[in-house]
């Protein structure tokens, strides 16, 4: 009896900026949000022109963005993620894709949401981390990142929740 190999389902890879800056060649079926392509353009990265249509640019849905923000708020990562980072995770939710990233906060929130990710040039996170923030001036603790402490006016620094 001859075994006919089953065709594997295609996998979509959602790329963030850290992955693209590390890669020379793209995996098949690669996609990124517009903000990632904008970051490559801002740094005048020539690979974006060379890749051409191999890298699809796609927006994510607002409902996925809201899901990512809710998960990031619970873990304390919301203040650590940029809008582009949030759109990368949201796009992975929309496409069912695998995120390629070296960003630990993207990995952390992805793990919480059950979104598969793969690090590109780093070992990646070992476990989900939760974050609190401590004012650099008066030492008051906050559950979310703040731009300015309401008590003393200083900024806050993230600390892993113990």
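The numbers here are math on the coordinates, done by the rules we state, and not lab data. Here the structure is a predicted model, which means the values were calculated and not measured. All Cβ positions, even for glycine, are placed from backbone atoms using ideal geometry, and neighbour counts span all protein chains on display.
Across segment 13-118, the relative contact order, built from alpha-carbon pairs under 8 Å that are at least six residues apart, equals 32 percent. Using the average count of surrounding beta-carbon atoms within 10 Å as a protection proxy, the listed peptides 82-92, 46-56 rank, highest first, as 82-92, 46-56. Given segment 44-157, what whole percent of its Cα pairs are spread farther than 17 Å? In whole percent, the share of Cα-Cα pairs in segment 44-157 beyond 17 Å is 61.
Stretched out straight at 0.36 nm per residue, the stretch from residue 66 to residue 29 would grow longer than its current Cα-Cα span by 10.8 nm. Ordering of 96-107, 118-129 by packing is 96-107, 118-129, highest average first (other Cβ atoms within 10 Å, averaged per residue).
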